[in-house]
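Enquirer: What follows is a single structure, and I will ask about it in a moment.
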Amino acid sequence: MPYVLFLLICVIWGGSFLMMKKAALVFSPISVGAWRVVGGAAVLLILWLIQRQPIGWRRRDIWSLVFVLFAGYTWPYCVQPWLIAQHGSAFIGMTVSFTPLFTMLASVPLLGIVPHPRQVFGVLGSLAGARSSTLG
């Protein structure tokens, strides 16, 4: 089952770049990004309603959540369609493939977590695969 979910995530993620590229022809990149944020929020709301678990938020947590929403989610979601419109979905998609490498590199000094050799092999193997896809 984890492999099916992983495949589903890959299809959704890969499809989102294609959809952003096509949507940027008709809509402004900012509106594409805004609708991505709204769509993601709607999916999370539906999943939360299905689970029916209470959220342990306090009133003072709201401003922290609003900050994280805008600083961590909204502007990157709006910048990405703009970059795709400027530079193309293939180039921006390839730069996103570096996220696991940068996460692994940042985890050592920031969190003190040294990646397992299997994780390093997996990240470097995926980067080699991404590189080979650009050579063809």
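Throughout, read-outs are computed from the coordinates displayed, never taken from laboratory work. These figures come from a predicted structure and were not determined experimentally. Note: ideal-geometry Cβ built from the backbone for every residue, glycine included; neighbour counts use all protein chains shown.
Enquirer: Let me check against my output: what whole-number percent is the relative contact order of the chain, with C-alpha pairs under 8 Å and at least 6 apart?
Expert: Details: 59 pairs, mean separation 40.8, N = 136.
The normalised contact order for the chain reaches 30 percent.
Enquirer: Please work out which option in [x] 50, 44, 33; [y] 46, 32, 28; [z] 62, 25, 20 gives Cα extents along the principal axes in Å calculated from these coordinates, and answer with its label.
Expert: [x]
Enquirer: Please list 121-129, 76-84, 24-32 highest first by mean number of surrounding beta-carbon atoms within 10 Å per residue.
Expert: Values: 121-129: 12.9, 76-84: 18.7, 24-32: 14.9.
Top to bottom by mean Cβ count within 10 Å: 76-84, 24-32, 121-129.
Enquirer: In deg cm²/dmol, rounded to 500, what helix-only [θ] at 222 nm does the chain give when every DSSP H run of at least 4 residues adds -39500 (n - 2.57) and the total is split over its residues?
Expert: Theoretical 222 nm ellipticity from helices: -25500 deg cm²/dmol.
Enquirer: With helices defined as uninterrupted DSSP H runs, which ones in the chain have an alpha carbon span along their own long axis of at least 24 Å and mean Kyte-Doolittle hydropathy of at least 0.5?
Expert: Values: long enough: 2-23 (31 Å, 1.50); 29-51 (33 Å, 1.63); 117-135 (27 Å, 0.41).
Passing helices, by number: 2-23, 29-51.
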